[in-house]
1. Hey, can you tell me all the residues within the stretch A:169-180 that are assigned to a loop (DSSP other than H, G, I, E, B) and either in contact with a Leu (Cβ under 9 Å, 6 or more places away or on another chain) or more than 9 Å from every other protein chain (Cβ to nearest Cβ) (or both)?
2. For the stretch A:517-540, enumerate the residues that are more than 14 Å from A:Phe413 (Cβ to Cβ) and either assigned to a loop (DSSP other than H, G, I, E, B) or touching a Lys or Arg at 6+ places or on another chain (Cβ under 9 Å) (or both).
3. Looking only at the stretch B:1-60, which residues are of a type in the set (Gly, Ala, Ser) and surrounded by 15 or more Cβ atoms within 10 Å (Cβ to Cβ)?
4. Return yes or no: is A:Leu166 within 11 Å of chain C (Cβ to nearest Cβ) and either closer than 19 Å to A:Ala252 by Cα or in a helix (DSSP H, G or I) (or both)?
5. Spot the failing condition for A:Val142; the list is (1) within 14 Å of chain C (Cβ to nearest Cβ); (2) β-branched (Val, Ile, Thr); (3) within 30 Å of C:Ile407 (Cα to Cα), and only one is missed.
6. Please go through (1) within 14 Å of chain A (Cβ to nearest Cβ); (2) under 19 Å from B:Glu71 (Cα atoms) for B:Val19 and return the number of the only condition it doesn't satisfy.
7. Would you point out which residue out of C:Val425, C:Val400, C:Val415 is free of Cβ contacts under 8 Å to residues at least 40 places away in the same chain, in a helix (DSSP H, G or I) and at the interface with chain A (Cβ under 7 Å from one of its Cβ atoms)?
8. Report, by residue number, each residue of the stretch C:484-520 that is within 17 Å of A:Asp84 (Cα to Cα), of a type in the set (Asp, Glu) and either in contact with a Leu (Cβ under 6 Å, 6 or more places away or on another chain) or at pLDDT 85 or above (or both).
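The values are calculated or read from the model by the stated rules, or taken from the named source; none is laboratory data. Bear in mind the structure is a predicted one, so any value in this text is a computation, not a measurement. Every residue, glycine among them, receives a Cβ derived from its backbone with ideal geometry; neighbour counts consider all protein chains shown.
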Amino acid sequence: MLDPASGSSDAVAAVSGVGSLAWLLLALPAFGATVLLLGGRRTDKWGHLLGCATVIASFAYGVALFFDTIGQTGERTSELHLFDWVPVNALNVEFGLRLDPLSLTFVLLITGVGSLIHIYSIGYMAHEAGRRKFFAYLNLFVAAMLLLVLGNGFVTLYFGWEGVGLASYLLIGWYQHKPEAASAAKKAFLMNRVGDLGLAIGIFILFKELGTTQYTEVFARVGELSAAEVTAVTLLLLLGACGKSGQFPLQAWLPDAMAGPTPVSALIHAATMVTAGVYLIARANPIYNASADGRLVVMIIGAVTLIIGCIIGCAYDDFKKVLAYSTVSQIGYMILAVGLGPVGYALGIMHLLTHGFFKAGLFLGAGSVMHGMNDEGNIRRMGGLWRKMPITFVTWTLGYLALIGFPFLSGYFSKDAIIAAAFSEPGWRGWVFGGAAALGAAITAFYMTRLLFLVFLGKPRWEDLKSEDGREYHPHESGLTMTVPMILLAVGSVGAGAFLSSGNTLANWLSPSLGALQEQHGVLDHTVVNFLVLGLSALGVLVAWLFFGRRPQPVERPQRVSFVVRAARNDLYGNALNEALFARPGTWLTRALVFVDNKGVDGLVNGSAALLGGSSGRLRRLQTGFVRSYALSMLLGAIFVLGALLMVRFS
Amino acid sequence: MTPTYYLLLSALLFSLGAVGVLVRRNAIVVFMCIELMLNAVNLSLVTFARINGGLGGQVMAFFVMVVAAAEVVVGLTIIMAIFKTRRSASVDDSNLLKY
Amino acid sequence: MSWTLIALLVLPLVGSVVVAFLRGDDRTAKLVALAFALAELVLAVLAWVAYDPSGDRLQLTSSAEWIPAFGIHLSFGVDGIALVMIALIAFLVPVVIGGSWADKLPEGRSAGGFFALLLAMQTGMIGVFAATDVFLFYVFFEAVLVPMYFLIGRFGGPNRQYAAMKFFLYSLLGGLIMLASVIGVYVAARDKLGSGTFDWATLVTVTRDLPLSTQIWLFLGFFIAFAIKAPLVPLHTWLPDAGAEAPVGAGVLLVGILDKIGTFGFLRYCLPLFPLASQELAPLVLVLAVAGILYGSLLAVGQTDMKRFVAYTSIAHFGFIALGIFAFSSQAGAGAVLYMVNHGISTGMLFLVVGMVMARGGSRLIQDYGGMAKLTPVLGGLFFVAGLSSLALPGTNSFVSEFLVLIGSYPNQPVFTILAAIGMVLAALYVLWLYQRVFQGPVRGTALVDAVGGPGAALDPERANVPDLNKRELAVLAPLVALILVLGFYPQPVLDVITPSVGATLSEVGVTDPVAQEGK
């Protein structure tokens, strides 16, 4: 068992200086959302500007806070108590913020990428009638996400956790007229709630055993939990993480979530919200350190998910859905990394950051392409777009290269580090997890190259086609508000990895929160892994070129395909499984219960009433209205009474 | 004296009255039969008073007569009223008070 | 002798009589009714201020002899639990009056009669929570049935006679069974003290020493009455009918307040009077509670009628409240009481917005609507807020209470808690599915399509005959939304009032918190 209290725990200073206003981080976007929602149409003209301004202001404040914290020595961890949220005797849920390297890193990611995407949305959503509402929801999301990462206890985390779920629900269902958007939004919220259930029960266990839900006290006293309890908590938190981060077996909602507008996919379903699961596990590292079994399950989930995501990503023809499965798979890498424990926490966070840059960039590029193509998402109807939209092409390609791990771009540093760390596990684990991660890298290279060929290279297949609404395609480069964020994110995709990993900058910075980054040497050496992954990725690119680059592609998707492709096109039957296991039995159960309630339970009530009423109805018939028959019954009654009296007398 | 004959007469009168109430339809006749029953009871009351030598039975008989007289007033009025509205004195025709 | 509660009781009654005489003039009747309700709210605020959370068990007490032969008193008093409920009543009645302002009443009925009944019911409801004499409690318990019976039976939907009769008979049955137990505790007190009494505080000291078997019988008498009121499965079937047929305003009070008499009864009568029986029978109640959560949620999913839907969600929520009460921890208990308040607010709002939807489409059936958010975005948004509160999203009031109930129940009852927590997922399902069917997607459904004037007209906002919320409706919903958010972020003022009383109740039962307080 590892030292449970590594890193973050004891002696948390109260906030002073710049940090004492940290609530502004949350309050600014929350204020923006409130004004935009309450203001209604009056804010139509300037609503989007307010939305951007609040997030940019948060970002600026976050940067100031960041440099202030760098200037500090020692633990660099402090807490800001705002008010007692739910105080009942032994339970005291504080509403407080925890400022430490981990949360500040996320603050910068969320507000930074968030700002860029807010700006991008000005252009992307320019034609939408309710644009201010969109910005209100985006602001709401940023506020909730900041609460998620800044909260100083599991309950505040849960607050943010469900808050981002709400924002995600609202934004996925943005296109109100599309029924599938509403269904996707509902599905996302429901599957998230299943995960939240795990998180909630985990919190209950912590309260029962430790009497608190605040990070500081929980982490300091992890040692008091029994082994079984620790494992239970780790698994339950993992369930929460699976829901939010689209991990196996709760991955099915994320691709459907692409029904939302593209900036949403970039911000929420690629860069920030879906990585909350990774944050949760990294944040709860003292608990995970205490349970090797728990971490093993985390690793298994991560490895399974990254493979599933890759495979399905190869088969889809929808631009954004391929990227969505790519996100699923990349988060699988992060989960695998944090499952590795102290050798991986920082690596997971590093990949999370670089992924935030390049995946957001890839999504924005996709959005730019779709924006220029009458909102067409089918990559088989694209091709050769690099001539028409050069900036999008270049920035997208940089993101693509970063993702497949092209040497010295971001992904090369962050992803390869994870694969190397996976191979450094001892024994069979090293081979299994390292192997899965390396295989994933190869498939990633394959499906991303496929996208590149089908969308930007090759022959333009859209020239003879019309979009669904009957218009011809006139692909064009997007405006400045859209290209500038893409360029900035491309810069991040190129440079972030090198910057964060040189001299272990990020790992050292995060060590007060996550503990020092440890190294271990397992089945394969780092250098060997490095070349192995490069070779595999190159192989993936080559195969993709053989299939998709060499010869022209058909517009219709091929129907005669192997079993594997068909399975992948059906999400490896994940949705069918959900349908068969939960949805259909649930529908039947509901119908049966409604029947039972109406006919059975209520039937009993109405039945007893009917019985009473019916028998009274029978008895009523005795009242004939004929005086003489009443007289007869009186007579008979009198005779009967007399007879009875006589019987008693003479017996 | 033997009370048997008086009591037998009383029982006979009572039975006549009861049968009359049960079988006759004309309200007036039914009414008369009720009077017959009342008077049969009066007869037995007086008989028992005579046997026991008390005044209770005789007083009771007077009570019954007074009540019967009052009843005749009310009853005949009702019968008259019914006859006026329905043109019938049959008790079976006025059977509205039923289920 | 404190006159606050007496004033609280008398004021609406006077208002009721005054309004009843104004039946000719609807507008004046409404204004007078609203004025009385607002004055009552002010009084309730005064009562809240006068109450000292760290003070005696019962405060603001007053007492007078009523039937000395049986030791019956007209005595009133509140603890924190009753106080928050009285505050909720005083808050909801003006909201309901505002919400029913423009109701279409059935032929031949006047607004004056309607509002007079509402105010009369207010007196009855406050009496139930304020009575500290068990017999007086019983009288109020039955008395509130009368105005509600007329509200449903005279002003309700097409099937109102059936629903009103069912509601009345069900409650009366429970009440009579309770009467047997009320007499039982009187007899027990007479045997022990020499002279019988119905005084609650005295009875508590008597009945807790009764042998277990006696306690169980007496407990069951009270419990059945409260389980019908609350309603717990399987005694719930009157609620969907009554809720669906009641006029919206009466429905809010029915589900928001009247049903809480049951859960309040658990806390005030079942637990302190019969501590042994409560502990003995707790597993049974917990089974009913959890069954209610899951059963009510699943049935809510399957409903086709919006008002019945709200009624079934309430059945699920009452399961949570019962779970919190019988899990015997101060967190769960405080959560349950807070849940009683929050449920009144959020389900009240849900009822009101459903009523507003119906006022526009004229149908209760979900399938007659669709894509309504396009026509009435503000109504859609507020419906969604009410839904979020119903599914206990953090930041709304219900989250705090549901979280407290679950986290407080877990240490004692892990299995029941986990089963109950599944209700969280189902709550998301039924709320979001309803919202999707009624508000999302393209404009559809016969009620709406007829209202906008044919299928094509839906896209033309000028021709749309479905107006968004007017100022009155906004003014009715705004305080509810404000409370939902305020209690979601800062429930402490309410919790401070509730917690000591719940603690006192639990110590009367003789249980201690499973998770002990450290430090303080």
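1. Let us first name the residues in the stretch A:169-180 that are assigned to a loop (DSSP other than H, G, I, E, B), namely A:173-178.
Passing the criteria: A:Trp174, A:Tyr175.
2. Hits for the stretch A:517-540 are A:Gln518, A:Glu519, A:Gln520, A:His521, A:Gly522, A:Val523, A:Leu524, A:Asp525.
3. So the first thing to find is which residues in the stretch B:1-60 are of a type in the set (Gly, Ala, Ser), and the list is B:10-11, B:15, B:17-18, B:20, B:27, B:40, B:44, B:49, B:53-54, B:56-57.
Those that are of a type in the set (Gly, Ala, Ser) and surrounded by 15 or more Cβ atoms within 10 Å (Cβ to Cβ): B:Ser10, B:Gly17, B:Ala18, B:Gly20, B:Ala27, B:Ala40, B:Ser44, B:Ala49, B:Gly57.
4. Numbers: within 11 Å of chain C (Cβ to nearest Cβ): yes; either closer than 19 Å to A:Ala252 by Cα or in a helix (DSSP H, G or I) (or both): yes.
It is true that A:Leu166 is within 11 Å of chain C (Cβ to nearest Cβ) and either closer than 19 Å to A:Ala252 by Cα or in a helix (DSSP H, G or I) (or both).
5. So the condition that A:Val142 fails would be (1).
6. Every condition holds for B:Val19 apart from (2).
7. Values: C:Val400 fails: free of Cβ contacts under 8 Å to residues at least 40 places away in the same chain; C:Val415 fails: at the interface with chain A (Cβ under 7 Å from one of its Cβ atoms).
So the residue among C:Val425, C:Val400, C:Val415 that is free of Cβ contacts under 8 Å to residues at least 40 places away in the same chain, in a helix (DSSP H, G or I) and at the interface with chain A (Cβ under 7 Å from one of its Cβ atoms) is C:Val425.
8. Hit for the stretch C:484-520 is C:Asp496, nothing else.
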